[in-house]
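Here's the structure, in structure tokens; my notes come after.
The values are calculated or read from the model by the stated rules, or taken from the named source; none is laboratory data. These figures come from a predicted structure and were not determined experimentally. Here Cβ is always computed from backbone atoms with ideal geometry, including for glycine, and neighbour counts include all displayed protein chains. Accessible surface is based on the protein model in full, side chains and every heavy atom, while ligands, DNA and RNA are left aside. Shrake-Rupley method; radii C 1.70, N 1.55, O 1.52, S 1.80 Å.
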Number of protein chains: 2
Amino acid sequence: MKSKNRSDTAGVVSASEKETVSGRSSISKRSTPKFELQMGRKWAVENQVGEKNLVIDDCDAKQSVYVYGCKNSVLQVKGKVNNITIDKCTKMGILFKDIVAACEIVNCNSVEVQCEGSAPTILIDNTSGCQLYLGKDSLETSITIAKSSEVNVLVSGAGPDGDWAEHPLPQQFVHTFRDGQFTTSPVSHSGGL
Amino acid sequence: MKSKNRSDTAGVVSASEKETVSGRSSISKRSTPKFELQMGRKWAVENQVGEKNLVIDDCDAKQSVYVYGCKNSVLQVKGKVNNITIDKCTKMGILFKDIVAACEIVNCNSVEVQCEGSAPTILIDNTSGCQLYLGKDSLETSITIAKSSEVNVLVSGAGPDGDWAEHPLPQQFVHTFRDGQFTTSPVSHSGGL
């Protein structure tokens, strides 16, 4: 199995991780945690620290989920939603089933995102460190990335022993001028392959 | 002329820009400016604010230039040097002739860099906004970019009227899973072309 871009090998995003106590200690500076459905349309999950059992259960395909400023937490979305945005989160795990529109991951550090159903689009912007787990139904997803590094996609059941197969996505691109135009190609890392 | 990714149309990096007074007013917080040759090998140009006439004249191909923490300034390097690193600069202009190794632009905002001679490699990392002017001798340059946005290359004499022709480099990439592998392609912006 490839191991490029991978700082831990703990594997799949899980809601049953051990509770860490550290997250709670520095409450002083952080903003008020939120976990609520606003106007019947938007789930706001904000400023959660060290919460490993956040679950959105009763949702529908018209609702959106907005996760902001969370740390060391795990959120499960158990039904179909319109879209999920994960903004400014660190060491966050998100597990979801189906998405109608897109899952956006912006301004994050070290997040793990698992899609168990299908999602047409996953957008990753200004993010360092993202482990993206795709199940069999989400292999059609198009993943659009900008200004990000260390993005790995783990594809279900494709590896030996039905394991997750890891695909580091390119983060560097070379542009060269040929015949009046620039052509772009990803930098390949021979070492990791 | 294309105008994508371009906030101003002032054009070519110039050492004769009008002096702005604003730069000098907030001296309090900034670190000591440096402009010196260290150990005969490294030109340190640091924390310069609003200096439009910085010139490195007496240099050779074994020396490197390190530009750090500068703002609203313009630096000219008038001879061949081994390499130039531009780190954490904002609204900075750099003009150079020839480079033996590489020109690195890292952690910058809104910089303008002009190569009048040749440079084998230009590296741009974690930078938002870079206008890169390439003369006829530097079209062989390979430009490697990571985690950056709004990078435009302006190529000398290729446009109509011998003008600079502007090439916005892609900043978003789409990754799709095909036959057990991810393939990567730059997002094309139809609007700007």
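Mind listing the long-range amide H neighbours of B:T85? Cut-off is under 5 Å, sequence gap 5 or more, other chains count too, H placed in the peptide plane at 1.01 Å from N.
Close amide H contacts, sequence-distant or interchain: B:V65, B:Y66, B:V67, B:E104.
Interface B/A, total buried accessible area with a 1.4 Å probe, nearest 100 Å²?
2600
Take B:Q38 and A:D179, extend 7 Å from each Cα along the Cα→Cβ direction, and tell me the distance between the two endpoints in nm.
Result for the modelled spin labels: 4.7 nm.
R0 = 22 Å: FRET efficiency of A:S31 with A:N109, Cβ-based, nearest 0.05?
Efficiency at R0 = 22 Å is approximately 0.80.
In peptide A:175-184, how many Cβ atoms from other protein chains are near each Cβ within 10 Å, on average?
Rounded to a whole number, the mean comes out at 6.
What list of ³J(HN,Hα) values in whole Hz, one per residue of region B:144-150 in order, does the Karplus curve 6.51 cos²θ - 1.76 cosθ + 1.60 (θ = phi - 60°) give from phi, with Gly and Pro shown as x?
My calculation for region B:144-150 gives 9, 10, 9, 6, 10, 9, 6 Hz in order.
Over region A:40-186, what relative contact order in percent results from Cα pairs under 8 Å that are six or more residues apart?
13
Calculated FRET efficiency, B:S142 and A:D137, Cβ-Cβ r, R0 25 Å, to nearest 0.05?
0.05
Could you tell me which residue in chain B puts its beta carbon nearest the axis mapping B onto A, with the distance rounded to whole Å?
B:K147, 3
Averaged over peptide A:163-172, how many Cβ atoms belonging to another chain are found within 10 Å of each residue's Cβ?
Mean shielding by partner chains, rounded to a whole number: 3.
Can you work out the FRET efficiency for the pair B:T121 and B:D161, with r the C-beta to C-beta distance and R0 = 41 Å, to the nearest 0.05?
0.85
Any idea how far apart B:V187 and A:V187 come out in nm if each label point goes 7 Å out from Cα toward Cβ?
Inter-label distance under the simple model: 2.2 nm.
Name the long-range amide H neighbours of A:I94: under 5 Å, sequence gap of 5 or more, or other chain; modelled H, no Pro or chain starts.
Placed amide hydrogens put A:L75, A:E112, A:V113, A:Q114 under 5 Å from A:I94.
What does DSSP give for region A:73-193 in terms of the percent of beta bridges that are antiparallel, rounded to the nearest 5?
About 20 percent, rounded to the nearest 5.
Evaluate peptide B:123-136: per residue, the Cβ atoms of other protein chains within 10 Å of its Cβ; return the mean as an integer.
Counting other chains' Cβ atoms within 10 Å and averaging over B:123-136 gives 1.
So how much accessible area does B:C59 have, in Å² to the nearest 10, using a 1.4 Å probe?
30
Along region A:38-54, what does the Karplus equation 6.51 cos²θ - 1.76 cosθ + 1.60 (θ = phi - 60°) give for ³J(HN,Hα), rounded to whole Hz, x for Gly and Pro?
9, 6, x, 10, 10, 7, 9, 10, 10, 6, 7, 10, x, 8, 9, 10, 6
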